[in-house]
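One structure below.
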Amino acid sequence: MRKVFLILTPLVLALIALLLVGTVAFARPLPQMAITGVEPRTLLSTSGGTLSIYGSGFTTATVARLVRYGLLDTMFINSGALRAVVPPGIPAGTYDLEVSAEGISATLPSAVTVVAPTTPPPPTPAPQPPPPGRPILTIRNFSVQPARVVAGREFIVVLEIYNNGSRGAENTLVTFPGGSFLPVGTAGHLLGLLHINATAVVTQTMRAPANMASGSYNLQVNMSANDFEGNHYDYPQTIAVEVIGGGAGTGRPQLVVESAQSDPRVLGPGDRFTLTLRIANRGERTATRVVVGPASTEMVVPAEGSNVTPVESIAPGRWVTVTLPLMVGKISQGGRVGLELALSYGDPGGGSYSDRQSIGLEVSASLADRPQLLVAAARTDPDPVAPGDLFTLTLEVQNVGGRDAHRLLLTLGGEGGKELGPFAPREASNVLFVSRIRAGERIVLNIPLVIDGSADAKAYGIPVLLAYEDARGTSRTDLQRISLIVQRRPILQIGFYRPVEGMMVGMPFPLPVEVINLGKSTINVSTLEVKSEKLEIQNGSLYVGPLDGGTSASLEATAVAQEPGTVEVVVYVNYLDDLNRPRVVTHTLTVEVQAPPEPVGQESAPPEEKSGFWDTILRFLRGLLGLGS
């Protein structure tokens, strides 16, 4: 019996050892997850990037997360490598990287640094006003049915197209190119002729893709038309459509500008100021990728940087303070004016939203708070001027504002003197400098000029650019125009074309007047007149008409003098100048009038002469004519 026990003992011991080894094998812990490295370590906030994550213990269920930001789109490579996408718009900062799967996680501290770009994006150019004389198509009203579109379903868009231009819109076409949404059926609508101030209604069925996330999306609408001259115009616009993502809740972030304050409180044209905004999230989800700025640059422009400012993420019920450096542009009226702000933001689920809200600013457009210069008078010496003349232009500049104007630069001919026309400065440049013009003061500025000898006779509009500063150093510019009239002076020779001699009192005598055009240009002469205070003149007026250069016109009037001596004869040449205005050129001529001879005592005629036949006939004829018997 003892032998059997001794034989069984080793076998029992072996079985016990096997059982112990199996138990240890079954109690071995699961493999651990670890991160050994990540590439790259630095990303730009505006562009994001793709991270390569190295380590061990990764599975297909492993996801990556940036601590303090959120989950990343993760791709499984193998058990030792992952790839994760960092979207653009992530706030700048240093983030810890965490990977996790089925309750197992690993963290790499300070793994990724996100930096903001060193150079700000260029400012958005100010919208230019549309050129005159063209159709302008806009979307005056629109509606979406249902108001909140469900991903994967169809919806109807109704647009009211309005022509607020100054010409009719011919061949009007409205198309829906697609993009985020898919058009159902015909995507183009030909409206034909749309008159000025006319409207047309367009209805289009669209479908939201099933994979769309919750958020606000832009639906592209392209409008085009021709005018009656055949010019083609395009008017691309977008409308906002709110989408409820498939399987997602209806919660979303909602940003509200709760307060706004400017420093200084009252603003004037050209003033730099700081706008402080308090933006709160009154929605149900965190607002990410928040960007805020003025909706347009018509009333305000950025004082520095771009026209948009990025903001950190705003959790539900929280608020942030944003400061915008701005400058007041041109304003036509003061008081409480509205400034429209544009807000765009997203949510952690990838949705995007845009919103516009208005705030009030106190603006003063009164001249009592700023300088205002104007060209009060402009004259030339001589006046008018003719081609080839050297003359002096005198400008009177008056400050009609309530503040002094400093460092005035007056540029004749506009920017760079590009619009001087046939005029050229002499003795100095076309730019004048005045250090200061007090409120209400009026100064006189003289500019020596010369006119090109080949200049056309007409009225020239010359721009005058006034650039100056107020007491706060704010630059102001104003472009005004003056008119300079150029006309040719007639060159005439006026005189008698034959000698006038032997004039006696009481006897008619001729006045042979001649006018010669010595110039090169034609003169439109209306009448040639001869007048005198001491002569009775008949046939003293003659219509002439156009008088070409080198030609002449003559008039022969008949005059009778009542008294002897030197008599002045005034010749009037009436003509129309180059501006079709009546003008006159006068010239004085002189003639000498002799007194009649003294009567001589008559001797007694011989009897045969007194009773002669011809003497009797002569006395008879005088009697018939009333000249004596």
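Tabulated data
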{"read-out": "Cα-based reach from Lys520 at 19 Å (exclusive), listing aspartates and glutamates while leaving out same-chain residues under 8 positions away", "value": "Asp389, Asp452, Asp456, Asp548, Asp577, Asp578"}
{"read-out": "Selected from Val144, Val243, Val85, residue furthest toward positive end of dipole (the chain; charges at beta carbon)", "value": "Val85"}
{"read-out": "Per-residue Cβ neighbour rank within 10 angstrom, fewest leading, Arg356, Arg252, Arg278", "value": "Arg356, Arg278, Arg252"}
{"read-out": "For Tyr572, Tyr345, Tyr235, Tyr497, order by how many other beta-carbon atoms lie within 10 Å, fewest first", "value": "Tyr497, Tyr572, Tyr235, Tyr345"}
{"read-out": "0 to 90° range, to nearest 10: angle between helix 2-26 axis and the chain longest Cα axis", "value": "10 degrees"}
{"read-out": "Student exercise, the chain dipole from Lys, Arg, Asp, Glu Cβ charges, in Debye to nearest 20", "value": "4460 debye"}
{"read-out": "Pairwise centroid distance, computed over Cα atoms, of the stretch 440-488 with the stretch 370-415, Å", "value": "5 Å"}
{"read-out": "Percent of beta bridges antiparallel (DSSP, the stretch 34-115, rounded to nearest 5)", "value": "90 percent"}
{"read-out": "Relative contact order, percent, the chain [alpha-carbon distance under 8 Å, six or more residues apart]", "value": "6 percent"}
{"read-out": "Relative contact order [Cα under 8 Å, 6+ residues apart], the stretch 34-115, whole percent", "value": "35 percent"}
{"read-out": "Partner aspartates and glutamates for Lys330 [C-alpha distance under 20 Å; skip if fewer than 8 residues away on the same chain]", "value": "Asp263, Asp271, Glu298, Glu304, Glu340, Glu362, Asp369, Asp404, Glu415, Glu469, Asp470, Asp478"}
{"read-out": "Share antiparallel - DSSP beta bridges, the stretch 492-594, percent rounded to 5", "value": "95 percent"}
{"read-out": "Answer label for percent of Cα pairs over 40 Å apart (calculated), chosen among (1) 29; (2) 60; (3) 64", "value": "(3)"}
{"read-out": "Overall form of the stretch 219-342 per C-alpha gyration tensor (a/c, 1.5; a/b vs b/c)", "value": "oblate"}
{"read-out": "Between the stretch 156-187 and the stretch 259-329, the Cα center-to-center distance that results, in Å", "value": "34 Å"}
{"read-out": "Size of charge dipole - the stretch 472-580 - debye, nearest 20, with Cβ of Lys, Arg +1 and Asp, Glu -1, no other charges", "value": "840 debye"}
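Read the figures in this text as sums done on the coordinates, not as results from a lab. Just so we're clear, the structure is a prediction, and the values are computed from it rather than from any experiment. Methodologically, a virtual Cβ is constructed for each residue, glycine included, from the backbone with ideal geometry; neighbour enumeration extends over all protein chains shown.
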